[in-house]
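These notes concern the structure reproduced below.
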Amino acid sequence: MDLMKLGFIIELTKRDFTERYAGSVLGVFWMFIWPLVMIAIYTLVFSRVMGAKLPGISSIYSYSIYLIAGILPWTAFANTVSRASTVFVDKGNLISKIQINLPRLPIYIVLSETVTFIVSMVFYVLFVLMAGVEINFVALTMVPFIFMIQQIFAYALGFFFATINVFFRDLKELVGILVQIWFWMTPIVYMKTMMPEFVQKLLLLNPAALFIGAYQDIFFYTRLPDFSHLLVVTLMGHLLLALAYWMFKKLERDVRDFL
């Protein structure tokens with residue numbers, strides 16, 4: 001990707017933030033406020049009010065730490081898939097006016113969600129430290145790698161849906177339903193050890209459960225993630241990306257005509 005094309009993607013990313021907070025008094029500062037509010041709510045409700053504690057961390061904040069470790073990456077993943085799945089239709093006017101390499105277009109959504117994730121993760125790490133919970137800093141260095149793997153998968157899935165959505169506009173609603181079902185099929189608000197053994201084995205087929213589990217390993221269990229699980233997600237993401245690109249190239253002319 002040359003500098004001009006990279007600059008175009010970066011400009012779309014900047015515009016994404018300005019449009020998202022357009023008209024608000026605090027503007028992009030909401031990007032910092034929302035993670036703080038979310039962490040405070042989860043801490044108050046699940047740690048103070050419910051007194052929820054899970055085995056593995058001897059802290060009143062144990063459940064909050066477990067929950068947020070899954071919520072933050074899931075939010076970035078789900079937002080990337082949902083928003084990327086409609087990006088061709090949403091940017092139809094722009095696509096019709098200038099020549100755009102369509103497979104690169106969803107990258108600005110990936111970058112936008114990455115910035116939001118980084119801000120949220122900084123506040124989360126500070127929260128864990130303030131809670132007096134030990135952090136495995138060697139394992140912590142794996143977070144960027146895990147996030148890159150999940151976002152490649154999210155981009156591939158969003159790109160795949162974006163191509164189909166041009167022809168079947170109802171797909172937007174179906175993706176929303178899929179994401180909701182997928183959330184509850186992934187151990188985020190509950191632990192996989194609470195499920196029957198055969199269900200735990202089925203989770204190996206759920207890529208979200210594998211990369212979410214990696215974050216939980218780092219922040220809740222303070223250990224290195226299972227590298228075999230990350231390898232599986234990496235392979236699935238690249239296979240899906242190849243499939244999405246192949247399908248797009250077959251339909252590219254029709255995609256542009258329909259837009």
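Yes/no per residue for (1) under 19 Å from Phe145 (Cα atoms); (2) not hydrophobic (A, V, I, L, M, F, W, C):
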{"site": "Ala76", "(1), (2)": "yes, no"}
{"site": "Ala84", "(1), (2)": "no, no"}
{"site": "Phe88", "(1), (2)": "no, no"}
{"site": "Ile95", "(1), (2)": "no, no"}
{"site": "Ile100", "(1), (2)": "no, no"}
{"site": "Pro103", "(1), (2)": "no, yes"}
{"site": "Val119", "(1), (2)": "yes, no"}
Q) In region 151-199, how many are under 25 Å from Leu67 (Cα atoms), more than 20 Å from the chain's Cα centre (by Cα) and of a type in the set (A, V, I, L, M)? A) 3
Q. So which pairs qualify, if the first residue must be in region 184-208 and without any contact (Cβ under 8 Å) to a residue 60 or more places away in the chain, the second must be among the basic types (Lys, Arg) and assigned to a helix (DSSP H, G or I), the Cβ gap must be under 7 Å, and the two must be at least 6 apart or on different chains?
A. Gln200/Lys192; Leu203/Lys192
(Q) Give me the residue from region 227-244 that is surrounded by fewer than 16 Cβ atoms within 10 Å (Cβ to Cβ) and touching a residue at least 12 places away in the same chain (Cβ under 8 Å) and, out of that set, nearest to Ala154 (Cα to Cα). (A) His238
Q. If the Cβ limit is 8 Å and pairs must be 6+ apart or interchain, which residue in region 6-17 that is more than 10 Å from Val115 (Cβ to Cβ) pairs with which residue that is in a helix (DSSP H, G or I)?
A. Ile9/Arg104; Ile9/Ile107; Ile9/Tyr108; Ile9/Leu111; Ile10/Tyr108; Ile10/Leu111; Leu12/Tyr108
Q.
Regarding region 220-241, can at least one residue be identified that is touching a helix residue (DSSP H, G or I) at 6+ places or on another chain (Cβ under 8 Å), modelled with pLDDT of 95 or more and among the aromatic types (Phe, Trp, Tyr)?
A. no
Q) In the list Gly158, Gly213, Gly176, Gly237, which residue meets the criterion of being of a type outside the set (Val, Ile, Thr) and closer than 24 Å to Tyr61 by Cβ? A) Gly213
Q) Could we say that Leu224 is aliphatic (A, V, I, L, M), in a helix (DSSP H, G or I) and either in contact (Cβ under 8 Å) with a residue 12 or more places away in the chain or loosely packed, with under 14 Cβ neighbours inside 10 Å (or both) here? A) no
Q. Looking at region 154-179, which of its residues are loosely packed, with under 11 Cβ neighbours inside 10 Å, in a helix (DSSP H, G or I) and not acidic (Asp, Glu)?
A. Ile177
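So that you can scan it fast, the table gives a plain yes or no per residue for (1) under 14 Å from Pro73 (Cβ atoms); (2) in contact with a Gly (Cβ under 8 Å, 6 or more places away or on another chain):
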{"residue": "Ile188", "(1), (2)": "yes, yes"}
{"residue": "Glu197", "(1), (2)": "no, no"}
{"residue": "Ala208", "(1), (2)": "yes, no"}
{"residue": "Ile218", "(1), (2)": "yes, no"}
{"residue": "Asp226", "(1), (2)": "no, yes"}
{"residue": "Thr234", "(1), (2)": "no, no"}
{"residue": "Trp246", "(1), (2)": "no, no"}
{"residue": "Lys249", "(1), (2)": "no, no"}
{"residue": "Leu259", "(1), (2)": "no, yes"}
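The values are calculated or read from the model by the stated rules, or taken from the named source; none is laboratory data. The shown structure was predicted, so the numbers you read here are calculated from the model rather than taken from an experiment. With ideal geometry, Cβ positions are generated from the backbone for all residues, glycine too; neighbour counts draw on all protein chains shown.
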